[in-house]
Amino acid sequence: MSEPATEPAPVAKAEPIVEQKTENKYSEESLRKSVDEIVEKTVGKCEYCSDKVEGWAEGILSQVYKLTKRSGYKSAVLVEIFPLNAAYLKKMKHLSIPGTDVVSLITKKTDKLIVMVFIVMMNYR
């Protein structure tokens, strides 16, 4: 006589980021605003300067990475800085779960340069 099949235990659903209420959690919109502020404080109205770009990128990267460090998330941050009219990027994403993961390209364009910050935050709970 065969034993009846048992159903697997249900997988706990991750709570959507936009509904999380702890003080370290950001919605995608507040994350975008925070990144915009970091970029503005770092590059201001400066022109693209190859001698300064590495320092700007490192500063932006470390500050944005601090924003993405959350319990239960793996994250990656990429910062690119280009002279004005020297960059074009299109993206398509199929690796995130809407509401729990964040995949965001934040582009800040001044009249002198372009800063692109790509953020991936994947919930692993």
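The values are calculated or read from the model by the stated rules, or taken from the named source; none is laboratory data. What you see is a predicted model; the values in this text were computed from it and never measured. Backbone-built Cβ (ideal geometry, glycine too); neighbour counts: all protein chains shown. For accessibility, only protein heavy atoms count, side chains too; no ligands or nucleic acids. Shrake-Rupley method; radii C 1.70, N 1.55, O 1.52, S 1.80 Å.
Taken over segment 82-118, the criterion of being under 14 Å from the mean Cα position of the chain (by Cα) and at pLDDT 85 or above is satisfied by Ile106, Thr107, Lys108, Val115, Met116, Val117, Phe118.
Matching residues to (1) closer than 16 Å to Met121 by Cβ; (2) out of contact with any strand residue (DSSP E or B) (no Cβ under 8 Å at 6 or more places or on another chain); (3) at pLDDT 80 or above; (4) not polar (S, T, N, Q):
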site	(1), (2), (3), (4)
Ala5	no, yes, no, yes
Glu23	no, yes, no, yes
Tyr48	no, no, yes, yes
Asp51	no, yes, yes, yes
Glu80	no, no, yes, yes
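Scanning segment 49-64 for residues being under 18 Å from Leu31 (Cβ atoms) and open to solvent by less than 40 Å² (accessible area, probe 1.4 Å) gives a total of 3. Restricting attention to segment 99-111, the residues that are in a loop (DSSP other than H, G, I, E, B) and touching a strand residue (DSSP E or B) at 6+ places or on another chain (Cβ under 8 Å) add up to 2.
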